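Derivation of every value follows stated rules applied to the coordinates shown; laboratory data play no part. Please read these numbers as outputs of a predicted model, since none were measured by experiment. Virtual Cβ from ideal backbone geometry, glycine too; neighbours counted across all protein chains shown.
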Amino acid sequence: KPIPKKLTRPTYGIKTDPIVHLAFLFSALVHDVDHKGVSNRQLVLESDKLAILYNDQSVAEQRSLAVAFTLLMNSNFDNLRGVLFRKGTQE
């Protein structure tokens with residue numbers, strides 16, 4: 001039996017967009033990479049070198065992203081970057 005139209009919600013392409021799927025996967029994989037096991041607040045209170053580096057703002061999150069994007073710049077991921085960050089092309 002089909003679902004009545006009024007009960008369905010728009011997905012705005014989330015279900016079918018492979019780039020969105022990759023973004024979800026990437027964010028799940030890099031979440032808490034290199035996490036020290038303490039809160040951002042604690043890192044700031046202790047004047048941890050990462051808190052200083054990231055100006056006391058979202059310290060653990062910024063560290064995870066820095067590690068992830070540093071790895072993404074590795075030559076092993078040249079093809080992936082070529083697909084994700086096409087230069088001079090329009091779709």
- Distance (nanometres) between label positions extended 7 Å along Cα→Cβ at Leu45 and Tyr12: 3.7
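If N is the number of residues in the range 1-50, what value comes out of its Cα radius of gyration divided by 2.2 N^0.38 Å? If you can, show how the numbers build up before the last one.
On the way: Rg = 19.7 Å, N = 50, 2.2 N^0.38 = 9.7 Å.
Ratio of Rg to 2.2 N^0.38 Å for the range 1-50: 2.03.
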- Query: What ranking do 40-46, 27-33, 58-64 get when scored by the average of other Cβ atoms within 10 Å per residue, highest first?
  - Reply: 58-64, 40-46, 27-33
- Among Val67, Tyr54, Leu22, whose Cα lies farthest out toward the positive end of the dipole of the chain, if unit charges sit on the beta carbon of Lys, Arg (+1) and Asp, Glu (-1)? Leu22
- Message: Suppose every Lys and Arg Cβ carries +1 and every Asp and Glu Cβ carries -1, with no other charges. What dipole size does the chain come out with about its Cα centre, to the nearest 20 debye?
- Response: 700
- Note on the structure: Rounded to the nearest 10, the angle in degrees between the Cα long axis of helix 18-30 and the longest principal axis of the Cα atoms of the chain comes to 30
- Message: Take Leu84 and Ile52, extend 7 Å from each Cα along the Cα→Cβ direction, and tell me the distance between the two endpoints in nm.
- Response: 3.1
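Cα-Cα pairs above 15 Å in the chain: how many percent? Mind dumping the intermediate values first?
Working: 2948 of 4095 pairs.
When every Cα pair of the chain is considered, 72 percent fall beyond 15 Å.
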- To the nearest 10 degrees, how steep is helix 59-72 against the longest Cα principal axis of the chain, on a 0 to 90 scale? 70
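Mean residue ellipticity at 222 nm from the helices of the chain, using -39,500 (n - 2.57) per DSSP H segment of n ≥ 4 over the full residue count, to the nearest 500 deg cm²/dmol?
Details: 5 runs with 45 residues, N = 91.
Mean residue ellipticity at 222 nm (helix-derived): -14000 deg cm²/dmol.
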